[in-house]
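One structure is given below, encoded as structure tokens.
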2 protein chains.
Amino acid sequence: MVKANEFTKRFEEICAQKGMRMTGQRRTIARVLANSKDHPDIEEVHRRANVIDDRISLSTVYRTVRLFKEAGILERHEFGDGRGRYERTQSEHHDHLIDVDSGEVIEFRDEEIERLQQLVARRLGYELTGHRMELYGRRLRAEPKPDGE
Amino acid sequence: MVKANEFTKRFEEICAQKGMRMTGQRRTIARVLANSKDHPDIEEVHRRANVIDDRISLSTVYRTVRLFKEAGILERHEFGDGRGRYERTQSEHHDHLIDVDSGEVIEFRDEEIERLQQLVARRLGYELTGHRMELYGRRLRAEPKPDGE
DNA sequence: ATACTTGCAAAATCTTTGCCTCCGT
DNA sequence: ACGGAGGCAAAGATTTTGCAAGTAT
């Protein structure tokens, strides 16, 4: 919730800047994404937006999410299942570890890996412009962890 | 070409083992994949297979590729464009760097990153079962490299 | 009032599946 | 001959788009 307003504010700036209109639908979708701490797919964003306003169509969610993505304030991931999963861009980049049994997604950041990726790219004659990394794993032991799904 | 026969042979073993039939289509598709050093999508596999035998349908390519994938002798990647890209499983795992300008795919392997991925997973309480890593980059300078695409 | 947005339905992609025929064993 | 395999077309799943109507500025 801390950076939620920041997300919405930044989006409003971008809208104003590009002559795009700040509509109720966009505001709602921005709010949904700003408050999402997980990685919802489009259907899920649609579902959550519809809790606030059930007159938002799936197309609009697709179109709005595309806007956010193009504005760089939203990132798209793919975690194995076919559809795209979205998450707002954070100041600190991070990667994901997916629990192959539960589907749970854990975020992490490893400076050393980040550094090595730059290095590998340079060694191959490239300037790194981005990367995707997902680790898939199975929980070790049964540490007490009450949450299901 | 070195391991091409190995791929086909292994597939024939798997077929025999599971009571699956060694058909002309499968043989052809296996041959195409065995000889592909790049990362063709299904359409491309279909196209290449049709050069050898134009009576292979797209469905069959999909079905056969799925078989290969399930048998573990073929890997599926996604390099940003929506469709799946395939490559036969190599003895040595490797990752990919995608040239964001040309789409060219460069394979590489970095032991240190591999090691760190294991470490990160374990640190988070997981046993690493797999991973996906793609670097996206832009070529530095114009080093003499004769091949275009 | 203008032109950006939306909803809806249709279309576009990529992939899977039903069904009947065909072929490997 | 039996049952797996293939071709074809239809169906699925996800995402995009055309168009007429609605709305922010």
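What follows draws every value from the coordinates through simple rules; no lab data is involved. Source: prediction; values computed, not measured. Because the Cβ atoms are built from the backbone with ideal geometry, glycine has one as well, and the counts that use them run over all protein chains shown.
Counting helices only, and only those DSSP H runs with n ≥ 4, report the 222 nm mean residue ellipticity of chain A as the sum of -39,500 (n - 2.57) divided by its residues, in deg cm²/dmol to the nearest 500.
Mean residue ellipticity, 222 nm, calculated: -14000 deg cm²/dmol.
Here the label points at residue B:83 and residue A:9, each 7 Å from Cα along the C-beta direction, are separated by 4.6 nm in the simple model. Taking Cα centre as origin and charging only the Cβ of basic (Lys, Arg, +1) and acidic (Asp, Glu, -1) residues, the dipole magnitude of region B:1-118 rounds to 1060 debye. With its label point put 7 Å out from Cα toward Cβ, residue A:36 sits 3.2 nm from the same residue's point in the other copies, in order from shortest.
With label points set 7 Å from Cα along Cα→Cβ, the inter-copy distances at residue A:77 are 2.1 nm, sorted shortest first.
For the protein assembly as shown: lysine pairs with Cα atoms under 17 Å, gap of 8 or more or different chains, count? Going through the protein assembly as shown pair by pair, I get 10.
Decide, for region B:61-117, between rounded, prolate and oblate: order the square roots of the alpha carbon gyration tensor eigenvalues as a ≥ b ≥ c, take rounded if a/c falls under 1.5, and otherwise choose prolate if a/b is larger than b/c, else oblate. Provide the component values of the computation, followed by the final result.
Values: a/c = 2.58, a/b = 1.24, b/c = 2.08.
Oblate, since a/c reaches 1.5 and b/c is not below a/b.
Can you give the Rg to Rh ratio for the protein assembly as shown, taking only C-alpha atoms and Rh from Kirkwood?
Values: Rg = 22.2 Å, Rh = 22.0 Å.
Rg/Rh: 1.01.
Between the amide H of residue A:89 and those of A:74, A:75, distances stay under 5 Å, these residues lying 5 or more places away or on another chain, with hydrogens modeled in the peptide plane. Would you mind checking the tilt of helix A:42-52 against the longest principal axis of the Cα atoms of chain A, expressed as 0 to 90 degrees and rounded to 10? Result, in degrees: 40. The alpha carbon centroids of region B:58-100 and region A:33-59 are separated by 32 Å. Shortest first, residue B:105 label-point distances to identical copies amount to 2.3 nm, with the label point at 7 Å from Cα along Cα→Cβ. Over the Cα atoms of chain A, the radius of gyration divided by the Kirkwood radius equals 1.01; this is the Rg/Rh ratio. Chain B has one residue whose beta-carbon comes closest to the axis relating it to chain A; that residue and its distance in whole Å are B:133, 2.
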